[in-house]
Amino acid sequence: MACNTLFITSLNSGSNGNCYYVGNKEEAILIDAGISCKETEIRMQRLGLSMGKVKAIFISHEHSDHIRGVCVMARKYQIPVYITPATRSNCKFKIKDEQFRDLRSHEINNVGNLKITAFPKIHDAAEPHSFIVTCGETKVGVFTDLGIVCKELISHFKQCNAAFLEANYDEEMLQNGNYPYHLKERIRGGEGHLSNKQALELFIEHKPAFMTHLLLSHLSKDNNSPELVQQLFETHAGNIKVIIASRFAETPIFSVKAEIPIETALPAPTKFLDQLILFPSTG
């Protein structure tokens, strides 16, 4: 039976680890597992979430802040890991081969009533992907570790009822900060991360009218400010709830549901009713 409500939370977001939970009442997935299995369990328990509902882990790319907890979690709970062949070849996973599932661009992966689709993104990794998770009419996007705003990102962002969106750095803070030049260039050079400005432009120009939640993610500890980001986006958010995904703790759970138009939700008239309308009684 199709569902129409998704429950989402960021368990951690930042260069120290990334892990995002998306699920319905019956099953859930994790996008990345970049914090330890133990810490993931602790944070989920605080939220009242069960690891028993997690039916799959989807890996965006091979950087350590996205895969740190994968092996222990996959072995302990016998969870399948969806990963592209090139990404897997760059990881040293000690997991049985039968637990891996090949992840391919634009293919729909069914996990219970959840449908997960990956699409390519620009980042300095072997085969990096972003994700759309669908349940019924509801869509949630996970868009982090982005070098640029590409056409694929715009197209998928415009479909989302809720999204995890990277706002990694403030341009002035990065420029005037203490990072070495080569690291600054890696971050802002087109294959690293999105700035607040880039993310904000995407949001202002392409947010759909039906979006309800925006979780700003992967903020830099040294080159950004949660307060700054919150203020920037809330100015343009309207009725959209803006949340900063922390690098230190989980967010609350948010319920996301697509509103089905009344004309779509109502059953079509039966032939008998049509006849009553077309041929009213004359008695």
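The values are calculated or read from the model by the stated rules, or taken from the named source; none is laboratory data. Owing to the predicted nature of the structure, the values given are computational and were not obtained by experimental measurement. Cβ coordinates were reconstructed from backbone atoms using ideal geometry, including for glycine residues, and neighbour counts include every protein chain displayed. Ligands, DNA and RNA are stripped out before the accessible areas are found, and what is left, the full protein with its side chains, is counted by its heavy atoms. Shrake-Rupley method; radii C 1.70, N 1.55, O 1.52, S 1.80 Å.
Can you pull out every residue in the range 1-20 that is touching a helix residue (DSSP H, G or I) at 6+ places or on another chain (Cβ under 7 Å) and part of a strand (DSSP E or B)? It would help to see each step written out before you state the result.
Of the range 1-20, the ones touching a helix residue (DSSP H, G or I) at 6+ places or on another chain (Cβ under 7 Å) are 9, 11, 15-19.
Thr9, Leu11, Cys19 - these are the residues of the range 1-20 that are touching a helix residue (DSSP H, G or I) at 6+ places or on another chain (Cβ under 7 Å) and part of a strand (DSSP E or B).
Checking the conditions here, which among Lys38, Lys55 is without any contact (Cβ under 8 Å) to a residue 60 or more places away in the chain, open to solvent by 60 Å² or more (accessible area, probe 1.4 Å) and within 22 Å of Thr134 (Cβ to Cβ)? Talk me through it step by step, then tell me what you get.
On the way: Lys38 fails: within 22 Å of Thr134 (Cβ to Cβ).
Testing whether each residue is without any contact (Cβ under 8 Å) to a residue 60 or more places away in the chain, open to solvent by 60 Å² or more (accessible area, probe 1.4 Å) and within 22 Å of Thr134 (Cβ to Cβ) leaves just Lys55.
Among the residues of the range 42-52, which ones are part of a helix (DSSP H, G or I) and crowded, with 17+ Cβ neighbours inside 10 Å?
Looking only at the range 42-52, we keep the residues that are part of a helix (DSSP H, G or I), and these are 42-47, 51-52.
Passing the criteria: Arg43, Met44.
Looking only at the range 14-35, filter to residues that are small (Gly, Ala, Ser) and in contact with a Cys (Cβ under 8 Å, 6 or more places away or on another chain); which one of those is surrounded by the most Cβ atoms within 10 Å (Cβ to Cβ)? Give the derivation first.
Narrowing the range 14-35 to residues small (Gly, Ala, Ser): 14-15, 17, 23, 28, 33-34.
Add one more test, that the residue is in contact with a Cys (Cβ under 8 Å, 6 or more places away or on another chain), and what stays is 33-34.
Working: Ala33: 29, Gly34: 27.
Ranking the qualifying residues of the range 14-35, first place goes to Ala33.
Counting only residues that are in contact with a helix residue (DSSP H, G or I) (Cβ under 9 Å, 6 or more places away or on another chain) and in a strand (DSSP E or B), how many does the range 102-130 have?
Adding up the residues that qualify gives 6.
Report yes if some residue within the range 82-103 is within 19 Å of Ile8 (Cα to Cα) and among the polar types (S, T, N, Q); otherwise report no.
no
Enumerate the helices (runs of 4 or more DSSP H) found wholly within the range 177-283, keeping only those where 2 or more residues are at pLDDT 95 or above and surrounded by 10 or more Cβ atoms within 10 Å (Cβ to Cβ).
Details: elements: 181-188, 196-206, 226-234, 262-265, 271-278.
Counting at least 2 such residues, we get 181-188, 196-206, 226-234.
Please go through the range 167-176 and give me each residue that is among the charged types (D, E, K, R) and in a loop (DSSP other than H, G, I, E, B), ordered by number.
Our first condition is that a residue be among the charged types (D, E, K, R); within the range 167-176, this holds for 170-172.
Result: Asp170, single match.
Inside the range 62-101, counting only helices (runs of 4 or more DSSP H) that do not spill past its ends, which hold 1 or more residues that are among the β-branched types (Val, Ile, Thr) and open to solvent by 20 Å² or more (accessible area, probe 1.4 Å)?
On the way: elements: 64-67, 70-77, 85-89.
Qualifying helices (runs of 4 or more DSSP H): 64-67, 70-77.
In the range 58-72, how many are touching a residue at least 40 places away in the same chain (Cβ under 8 Å) and closer than 12 Å to Cys19 by Cα?
Narrowing the range 58-72 to residues touching a residue at least 40 places away in the same chain (Cβ under 8 Å): 58-63, 65-66, 68-69.
When the remaining residues are screened for being closer than 12 Å to Cys19 by Cα, the result is 58-60, 65-66, 68-69.
Total satisfying the criteria: 7.
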